[in-house]
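Accompanying notes for the structure given below.
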Ligand SMILES: [Zn+2]
């Protein structure tokens, strides 16, 4: 008796389908090629990822990497590769989810509560911009939701008191108490 043949799912298919499932605004296009199927992941008409027999190629703004090769991922496993790609998508402001359907938030940048808004000069209201319509209450101490439709010119943080948006380097440092000698 011969063993039943179990169809092997190629790594590119398994990872592409998992990403597509956990990235609601994405679309998946599949092309046939001599080296196997090629999976392209798009969002709003923009090509973000290409997955083929060699690995994942990035077309998203990511300082960390340009590609992932399957032969380098045999020890960590494909689930971890999927999680890592989704994390990079979250860092690039895409709305993606964990396998238990919780939104993956980008890593917070450190903002001291003493740093002050350059516009209203108040501290304690600076939040990291999170692209989306809403945010769960538990994260509102660190993030503030700004809809994608709002143009930000790359701004990363927002003052929730006056509405100023900008970058960490623009914040005013804690004012020193005047020296009395
Ligand atoms: Zn302000």
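Derivation of every value follows stated rules applied to the coordinates shown; laboratory data play no part. In this text the structure is predicted, and so the values were computed from the model without any measurement. Positions of Cβ are backbone-derived with ideal geometry, glycine not excepted, and every protein chain shown enters the neighbour counts.
Miscellaneous remarks
- For the peptides 146-152, 117-123, residues were scored by their other Cβ atoms within 10 Å and the scores averaged per peptide; the highest-first order is 117-123, 146-152.
- Using alpha-carbon coordinates, inclination of helix 78-91 to the longest axis of the chain, degrees: 30 degrees
- Here the mean projected area of the convex hull built on the C-alpha positions of segment 109-175 is 4.3 nm².
- Chain lengthening between residue 33 and residue 121 when straightened (0.36 nm per residue, less Cα-Cα): 25.8 nm
- Whether segment 11-91 is rounded, prolate or oblate, judged on the alpha carbon gyration tensor where a/c under 1.5 counts as rounded: rounded
- The chain: relative contact order as a whole-number percent, Cα under 8 Å and 6+ apart: 13 percent
- Nearest-0.05 FRET efficiency for residue 102 and residue 150, computed from C-beta distance (R0 22 Å): 0.35
- Kirkwood-based shape ratio for the chain, expressed as Rg/Rh from alpha carbons: 1.13
- When only alpha carbons are used to place a centre, segment 133-167 and segment 34-84 end up 29 Å from one another.
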